[in-house]
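Inspection log for the structure reproduced underneath, given as structure tokens.
We did not get these values from a lab; they are worked out from the coordinates using the rules stated. Quantities reported herein were computed from a predicted structural model and do not represent experimental measurements. Cβ placement follows ideal geometry from the backbone for every residue including glycine, while neighbour counts extend to all protein chains displayed.
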Amino acid sequence: MLGMGKKSRQLVGLDIGSSSIKSVELKSTKAGYELVSFGMETLAQDTVVDGAIMDAPQVANAISKIFDAQRIKTKNVATFALLFGTTWFVNALVFAGVLVIVLAAVETTRKFRTPSLPVVYAGIAASLALAWVIRPEWLLPLPFVPRLLAASLLAFLPIYLANVAFSKRFGASDDSRSAFGLNLLGAMLGGCLEYMALLTGYRNLLLVVAGLYLLAFLLAPRKGLVAV
């Protein structure tokens, strides 16, 4: 059973049977728990035998279909939980990874000559497209280390490139306080938009992110894009 949210706590339960996978999403209310959604996906014969999962990719694909159909929230933590299990280790991987990637982007920009901003924005678009095309369940057959590297690349490459772009624009700004303030506002807006995954699903949220970065690229001063 996975818990989501704080004040309005939501629980998601999965039943992996020999012939199907069922999901139920509950929301905690003052009167008790309220049913939000129920989903079911049929499994092929011998996918699960005597409680043992024989075909992990098919099980993962079925769970992904249920989550998409029922619009159950998915994001990096949920993706890593699918690939590595739902433990404190998964949360530590994601949050530590974000911090390390941000530091790596800043140090890369400070110590090395990085590509121009149009190239960096093109890299952001490519990394988002890669995350859109490659589904998490495709990584399940891989051994642990390659699976960890591939999942980290998909999850953190857009974050790395976005921070490279910010560092370059921040370094070229004449008003560092305003630039930093705008970055904080952008972070707050991004955190709010993340909850759109409840409506759109995580993969569709990537389209929203791509649109916002396209807008940032189009609104950037032409001189800054070429010179930085």
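Structure above, values below:
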{"read-out": "Size of charge dipole - the range 2-70 - debye, nearest 20, with Cβ of Lys, Arg +1 and Asp, Glu -1, no other charges", "value": "620 debye"}
{"read-out": "Cα-based Kirkwood hydrodynamic radius, the range 2-70, one decimal, Å", "value": "12.9 Å"}
{"read-out": "Mean Cβ neighbour count within 10 Å, used as a protection proxy, ranking 127-136, 44-53, 209-218 highest first", "value": "127-136, 209-218, 44-53"}
